[in-house]
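Visitor: Below: one structure in structure tokens.
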Amino acid sequence: MASFKQPFNSMRSRDYFSPREVGLTHPDNDAFVKLSDNGSIEIMAGDDLGIIIDPHTRTINIYGDSIRFHTREIDGLRWNRLSFNSRSTKYTEPTFTDVDLGNVGSIYDGIDTILDQ
């Protein structure tokens, strides 16, 4: 089983909120959401289980024993302009396929109905 250990100083700073940091902690367990002074966003459900978004390295770190994605079957999981091939169950089949851009939604879908009012 993989173990995710943070550097000692970083781990110690996660045990408390500074006076300027904003967040929520659960009173009965280790879950918390924290907007850190360094600009990172930490969403943790327990030891080594959560998401840390770091603006300095522009990375999203996901910690957990397993990660499951629940998406629609076609083009549900993408990497840039490539789509993971859900039918790739054999070594000879490609892992990635081209994204069908005709099937891609936009955050602006339906905006015309709102603006016409």
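Visitor: If the requirement is being at pLDDT 75 or above and more than 20 Å from the chain's Cα centre (by Cα), which of these qualifies: Phe69, Phe84, Phe17, Phe8?
Guide: Details: Phe69 fails: more than 20 Å from the chain's Cα centre (by Cα); Phe84 fails: more than 20 Å from the chain's Cα centre (by Cα); Phe8 fails: at pLDDT 75 or above.
Every option except Phe17 fails the conditions.
Visitor: If you go through region 26-41, how many residues are loosely packed, with under 14 Cβ neighbours inside 10 Å and hydroxyl-bearing (Ser, Thr, Tyr)?
Guide: 0
Visitor: For a quick check of your reading: which strands (runs of 3 or more DSSP E) sit entirely within region 15-105 and have at least 1 residues that are among the small types (Gly, Ala, Ser)? Spell out how you get there, then give the answer.
Guide: Numbers: elements: 22-25, 32-35, 41-46, 49-54, 59-63, 82-84, 96-98.
The strands (runs of 3 or more DSSP E) meeting that bar are 22-25, 41-46, 49-54, 82-84.
The values are calculated or read from the model by the stated rules, or taken from the named source; none is laboratory data. Here the structure is a predicted model, which is why all the values come from computation and not from measurement. Because the Cβ atoms are built from the backbone with ideal geometry, glycine has one as well, and the counts that use them run over all protein chains shown.
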